[in-house]
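Peer 1: Starting off with a structure, shown below.
Bear in mind these aren't lab numbers, they're just calculated from the coordinates by the rules spelled out. Small disclaimer: the values here were computed from a predicted structure and weren't measured. Note that each Cβ is placed from the backbone with ideal geometry, even for glycine, and that neighbours are counted across all protein chains shown.
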Amino acid sequence: MNLSAGRWVKVRTYDNAGNASPVVADPVKLDNTAPTLNITSPTIGSLSLHTGNNVKLQASTKDKQSGITKFKVFVDGNLVATKVHGPFSYPLKMR
């Protein structure tokens, strides 16, 4: 089954007495395509990072079907920030 293709979903409910509701059908298109991410700053090779330097991490993201809901920043595998609205940026202090 191709999940990104359009499908019709039909639903009917039943109560404890066995009565059934009418069938309700809706077209559904599931998004199974990951968003894209591009780090826009700092660019590779643009900085000489030293202890104590402050760096602003900036990124652009796109998702054509369902949109972006959050942006998470990890440093050495640890979650350090979550943003739910753009612009997506995070200040990093080099240690």
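Peer 1: Once you charge only the Cβ atoms, +1 for Lys and Arg and -1 for Asp and Glu, what is the size of the charge dipole of the chain about its Cα centre, to the nearest 20 debye?
Peer 2: That gives a dipole near 200 debye.
Peer 1: Give me 31, 76 ranked fewest to most by other Cβ atoms within 10 Å of their Cβ, as a rough exposure proxy.
Peer 2: Exposure proxy ranking, most exposed first: 76, 31.
Peer 1: Let me ask you something else. Fewest Cβ neighbours within 10 Å first, please rank 74, 88 accordingly.
Peer 2: Arranged by neighbour count, lowest to highest, 74, 88 become 74, 88.
Peer 1: So what J values fall out for region 67-74 if you push phi through Karplus, 6.51 cos²θ - 1.76 cosθ + 1.60 with θ = phi - 60°, rounded to Hz, Gly and Pro as x?
Peer 2: x, 9, 9, 7, 10, 10, 10, 10
Peer 1: Aspartates and glutamates near residue 64 by alpha-carbon distance under 14 Å, same-chain residues fewer than 8 away left out - which ones?
Peer 2: Straight-line reach from residue 64, under 14 Å: 31.
Peer 1: Also, I was wondering about something else. Amide H neighbours of residue 57 under 5 Å, at least 5 residues apart or on other chains, H built in the peptide plane: list them.
Peer 2: The answer is 90, 92.
Peer 1: Using 7 Å Cα-to-Cβ label points, what is the residue 8/residue 24 separation (nm, one decimal)?
Peer 2: Computed distance between label sites residue 8 and residue 24 equals 1.7 nm.
Peer 1: Between residue 16 and residue 81, what length comes free when the chain is fully extended (0.36 nm per residue of separation minus the Cα-Cα distance, one decimal in nm)?
Peer 2: 18.7 nm
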